[in-house]
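Structure first, then comments.
The values are calculated or read from the model by the stated rules, or taken from the named source; none is laboratory data. Just so it is clear, the model here is predicted, and its values are computed rather than measured. Positions of Cβ are backbone-derived with ideal geometry, glycine not excepted, and every protein chain shown enters the neighbour counts. SASA here: full protein model, heavy atoms, side chains in, ligands and nucleic acids out. Shrake-Rupley method; radii C 1.70, N 1.55, O 1.52, S 1.80 Å.
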Amino acid sequence: MDTASKSRMFEPLLQFSAEHRVKAQAEARALLFEKFPFGNGSDSDPLMQNVQAALSDASVAFRLSPVQRDVYYNDSGTAFVPYFIKKMLLRIKGRFVVRPGSVADLQAFVRYAATEQLSYTIRGAGTWPFGGAVPQNNDIILDLSHLDFFHLDRDARRLVVGAGTVFADVRKFLREQGFRLKQDITNPHSGTVCGWIATGGLGLGAFKYGHVRKSVQALLVITPEGDMRMLTPEDPDFEALFGSEGQIGIIAGAALDVLPESYISKPYAFSFDSAEEAQKFMQLVINWGLKPTSLLYFDPHYIAITYDIEKEKHTKKLNAALKNEDDFAIQRERHEL
Ligand SMILES: Cc1cc2nc3c(=O)[nH]c(=O)nc-3n(C[C@H](O)[C@H](O)[C@H](O)COP(=O)(O)OP(=O)(O)OC[C@H]3O[C@@H](n4cnc5c(N)ncnc54)[C@H](O)[C@@H]3O)c2cc1C
C-alpha cells in the first residue's frame, strides 16, 4: 500500500477533535459548581500549565481529585491487590492527567514530553489487569479516552478506530450497520481496541481468523520521540507493535477488517473428564479441518463459581417473585434454577 493511500485511510481520524465535548463538559462543571468558586489546582503546577499551553482547546490537563485517584491508580487487576502490599512495593502516584482530544495534540504532548524528558503512563480503558496503565513515581497520566473516534468504510469493509475507542461502542455501531469484528475480546465490556492490540489480541474469533494482527490493515503510531508513522503489515516494524504495551510507541489508530454480520450461531457444548481429554478433542478439531469461530475451554473451578453466582442471583429473583405473587417470573426463575 502506498503512503498516499495509508494517509487517506486515517484522514478522518486526523481531522477528529473532542473540542466540542471538552467545552460542553467545562460549561456543565461551571454550572454545577457555580456556588463553589474553587479552582482545579492548575495554577499551583507550572508544568501542567505548560503542557496545557502546548495543546489546543480540544485537550485538557487536570489534577486528580480523591475519587479520580481511585480510578486512575487502579486497573482491573491492581484494584484487587491489598493496599499495604501496593504501598510496600510501589509508589503509585500520578502528577496530573493529560487527556488529548485530537491526534495532533497527542503528538504534541509526546513531543513535548520527549523534549523535556518527562515520563508518562499511557492509559486506555484500564482493563488490562497487570498495572501497565497505573502511574508510578509521579508520572503524568496520558488518558486516551477522548480519542474515541470510529469510522466504517462499507465498501472496503474496513473500520478505523482511534486510541480511545472501546469494544462495546464499535460492536454496537457495527451491528447497527450490519457488520462485525473478526476478532473480539472475551469480556464484552472490556478495553479499547488499540489497548488490546498493545497488550493481547487473542479472543473470540481467534480459532478461525487468528490473532488480531491478521485483521489489521494499518496502524497509526506516535513514536516516543513524537513522530507520526503509518505502518502496514509489509513494514518491518509492524509486528513489534503487537503486545508492545506502549514501550515503542502509542497506537493512535488502527484500521481493521470487518465482516458482514451473520445471525447464525451454532454453539455446541462438550464435557470432558480431564483437561488432557479436552486438549485431544481440540487437536481432532484441527485434524478434521473444522473451522469453528471460537473454541472456549471452561475448567471445573470456573464452572462451579459461575454456577454459585447464578444460583444466588436467581434464588433472590425467585424469592422476590414469590413475594409479589408474579406467576410468570416464578416460572421463569424456577426454570433458570
Ligand atoms: C474480564 C476480562 C477479559 C479479558 N479478555 C481478554 C481477551 O479475551 N483477550 C485479551 O487479549 N485480553 C483480554 N483482557 C485484557 C484487557 O482487557 C485487554 O488487553 C484490553 O484490550 C486492554 O485495553 P485497555 O484499553 O483497557 O488497556 P489499558 O489497561 O488501559 O492499558 C494496558 C497496557 O497497554 C498500554 N496501552 C493502552 N493503550 C495503548 C495504546 N493505544 N498504545 C500503546 N499502548 C497502550 C498501557 O500503557 C498499558 O501498559 C481481558 C481483561 C478482562 C478484565
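The local environment of residue 16, defined by Cβ-Cβ distances under 13 Å, has a net charge of -3 under the rule Lys, Arg +1 and Asp, Glu -1. At 1.4 Å probe size, with the rest of the protein present, what percent of the exposed accessible area of region 48-196 is carbon and sulfur atoms? Roughly 52 percent of what the probe reaches on region 48-196 is carbon or sulfur.
Spacing of the modelled spin labels on residue 70 and residue 26, each 7 Å from Cα toward Cβ, amounts to 2.8 nm. Maximal additional length on extending the residue 50-residue 279 stretch stands at 76.8 nm, based on 0.36 nm per residue less the C-alpha distance. Helix 275-287 and the longest principal axis of the Cα set of the chain meet at an angle near 80°. In a reduced charge model with +1 at each Lys and Arg Cβ and -1 at each Asp and Glu Cβ, region 145-189 shows a dipole moment near 200 debye about its Cα centre. Dipole of the chain computed with +1 at Lys/Arg Cβ and -1 at Asp/Glu Cβ about the Cα centre; of 106, 121, 178, farthest Cα towards the positive end is 178. You can think of it this way: the chain between residue 245 and residue 299 has 16.6 nm of extra reach, that is 0.36 nm per residue less the Cα-Cα gap.
How do 88, 48 stack up against each other in accessible area, from largest to smallest, with a 1.4 angstrom probe? Mind showing how you got there, number by number?
Values: 88 140, 48 5 Å².
Sorted by accessible area, descending: 88, 48.
How many percent of the alpha carbon pairs in region 17-143 exceed a separation of 16 Å? That tail contains 66 percent of the Cα-Cα pairs. In plain terms, the chain is cut at each of the GluC sites (Glu not before Pro) found in a DSSP loop with at most 15 other Cβ atoms within 10 Å, and the longest leftover piece is 35-224.
Using the Cα atoms of the chain to build a convex hull, what is its mean projected area in square nanometres?
Values: hull surface 94.8 nm².
The directionally averaged projection comes out at 23.7 nm².
Taking every protein chain into account, the 1.4 Å probe leaves residue 93 with about 80 Å² of accessible area, to the nearest ten. Take the Cα of residue 208, step 7 Å along the line toward its Cβ, and report every residue of region 266-304 whose backbone nitrogen sits under 16 Å from that point. Of the residues in region 266-304, 266-269, 286, 289-296 have backbone N under 16 Å from the label point off residue 208. For region 266-326, the percent of C-alpha pairs falling in each 5 Å distance bin, counted from 0 to the bin holding the largest distance, reads 4, 14, 17, 16, 13, 10, 9, 8, 6, 4, 1.
Beyond 25 Å in Cα-Cα separation lie the following of the pairs 208/280; 23/86; 182/291: 23/86.
Taking 7 Å steps out from each Cα toward its Cβ at residue 79 and residue 35 produces label points 3.3 nm apart. Just want the answer: with Cβ charges of +1 for Lys and Arg and -1 for Asp and Glu, which residue in 252, 204, 232 is farthest toward the dipole's positive end in region 103-252? It is 204, whose Cα lies furthest towards the positive end. Among the protein heavy atoms, those of residue 211 account for about 30 Å² of accessible surface (1.4 Å probe, every chain in place).
The calculated FRET efficiency for the pair residue 334 and residue 227, based on their C-beta separation and a Förster distance of 56 Å, comes to about 0.35. Solvent-accessible surface of the chain, taken per residue with a 1.4 Å probe and all protein chains present: 60 Å².
Label positions at residue 15 and residue 116, each projected 7 Å from the Cα along the C-beta direction, are separated by 3.2 nm. Less than 5 angstrom separates the built amide H of residue 96 from those of 141, all sequence-distant by 5 or more or on a different chain.
Below 8 Å between Cα atoms, with a sequence gap of 6+, how large is the relative contact order for region 17-143 in percent?
Taking the mean separation of contacting Cα pairs over the length of region 17-143, I get 29 percent.
Given +1 on the Cβ of Lys and Arg, -1 on the Cβ of Asp and Glu, and no further charges, what dipole in debye does region 202-276 carry about its Cα centre, rounded to the nearest 20?
I would put it at about 320 debye.
Summing +1 for each Lys or Arg and -1 for each Asp or Glu, what net charge is found among the other residues whose Cβ lies under 14 Å from the Cβ of residue 323? Present the calculation step by step, with values, prior to reporting the outcome.
Numbers: positive: 316, 317; negative: 325, 326, 327, 333.
Net charge in that neighbourhood comes out at -2.
The C-alpha atoms of region 139-266 occupy a region whose extents along the principal axes are 47, 30, 26 Å, arranged from largest to smallest. Rounded to the nearest 20, the Cβ-based charge dipole of region 150-260 about its Cα centre (Lys and Arg +1, Asp and Glu -1) stands at 620 debye.
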